[in-house]
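Where a number appears in this text, it was derived from the coordinates with a stated rule and is not lab data. What you are looking at is a predicted structure, and each value in this text was computed from that prediction instead of being measured. Neighbour counts are summed over all protein chains in view; Cβ atoms, including those assigned to glycine, are modelled from backbone coordinates with ideal geometry.
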Amino acid sequence: MTTKFMTLERFINEQEQLHPNATGEFSGLLHDLSLAAKLVWREVSKAGLVNILGATDRMNVSGDVVKKLDEFADETIYKAMDHGGHVCVMASEENEDILHIPDEYQAGKYVLLYDPLDGSSNIDANITIGSIFSVFMRITSGGRGTLQDCLQPGYKQVAAGYVIYGSSTIFVYSTGHGVHGFTLDPSVGEFLLSHENIRIPRRGKIYSLNEGNFSSWSEGMQRYVNFLKVSDKSSNRPYSLRYIGTMVGDAHRTLLYGGIFAYPADLKNPQGKLRLMYECSPMAYIIEQAGGRSSNGTQSILNVVPTSLHQHTPVFLGSEEDIKICEEFLQGKL
Ligand code: FDP
């Protein structure tokens, strides 16, 4: 039984008090992100109603043009973040180039990268989707932020997190002091602390990947997945397969239950399919903060030095022991 209600806002403020030199800028950024999450949630929860409410040809009842949900989420997050004075530059999975802060607003010391709506191909089937964010401290001094500020390796993140719009809406984030989850109570419009200090199990029994790609994986990857299916009581095999096809949802389940989520390289996507900066790096930060492990097959995702905003990477996230075994198969040691 919960003894006190802890809202996300209050939690952020209490965390700030642990840092006597904090200026409040970082807390302000997190507050703005939580507002962005609620605005996106509000729209996501109406997905599919547009047609019933009389929309024709992408126009809603008021005559406004209805935006695709991913475009809406992209603009909403940008607009929630552009004028707080906390961020100097942003980049989004939906946009080719970096996003500047409008001239009339003050530029802050943080850099925000985000995937506004992950798993968008699942929207029409009412399946879990989410938003992912990654925050860095700027490395250039003065002026507005640049591409250089955005292209930082994951270990330099000062915060990362995601929001999942699923059977309930949950906001999960870390600033390097544990991973915490807050579930939205829509009746009061507040995120309430529901998962304090999440720790991923050291080993799981679920694997999550698109096994339809089996024939175009490396031999090591194929052997690993075949290994997971062999019966062996002592290591809880065979594993169960769970795959939503929304990275943030699959990674969230992996965080809570353990096991492995992977999107390996294949013949069609030799560099992997998922994006380093918007998907893999922030989720790797969360998983590692919770005691898990991330890998691109040879090293932690957090050590990969980015060379371009939209680069892809093979990705393996999950329980420490599961990822280690997977790496050994990929490297031909098993
Ligand atoms: P989507 O294309 O629906 O946006 O990166 C995008 C992503 O979904 C991930 O969320 C998801 O894990 C992956 O692609 C699914 O890819 P496959 O359909 O190839 O399995």
Three-way shape label, the range 265-334, alpha-carbon gyration tensor, a/c 1.5: oblate
Rounded to 10°, Cα long-axis angle of helix 247-257 versus longest principal axis of the chain: 60 degrees
Residue among HIS180, HIS19, HIS83 with the largest mean-square fluctuation in a Gaussian network model of the chain, springs linking Cα atoms under 10 Å: HIS19
Cα long-axis angle, helix 219-228 against the chain (0 to 90 degrees, to the nearest 10): 90 degrees
Whichever lysines have a C-alpha closer than 25 Å to that of LYS46, once near sequence neighbours (fewer than 8 apart) are set aside: LYS38, LYS67, LYS68, LYS79
Stretchable slack from ASP232 to ASP97, in nm (0.36 nm times residue separation minus alpha-carbon distance): 43.7 nm
Hydrodynamic radius by Kirkwood, which averages 1/r over all alpha carbon pairs of the range 190-334, in angstrom: 15.2 Å
Cβ charges +1 (Lys, Arg) and -1 (Asp, Glu), total dipole of the range 212-258, debye: 160 debye
Total charge dipole magnitude, the range 168-238, about the Cα centre, Cβ charges on Lys, Arg, Asp, Glu only, Debye to nearest 20: 520 debye
With Cα atoms, 0 to 90° folded angle of helix 69-81 axis to the chain main axis: 60 degrees
Within straight-line cross-link reach of LYS229, lysines at Cα separation under 21 Å, skipping those fewer than 8 residues along the same chain: LYS205, LYS324, LYS333
Relative contact order [Cα under 8 Å, 6+ residues apart], the range 179-249, whole percent: 26 percent
Cβ-defined net charge surrounding ILE164, 13 Å radius [Lys, Arg +1; Asp, Glu -1]: -2
GLU104-HIS19 pseudo-label distance in nm [points 7 Å out on the Cα-to-Cβ vector]: 3.0 nm
Only Lys, Arg (+1) and Asp, Glu (-1) charged, at Cβ; the range 219-332 dipole about Cα centre in debye: 280 debye
Whole-percent pair-distance distribution, where bins are 20 Å wide, for the alpha carbons of the chain: 31, 57, 12, 0
Environment charge at ASN226 (Cβ cut-off 13 Å; Lys +1, Arg +1, Asp -1, Glu -1): 0
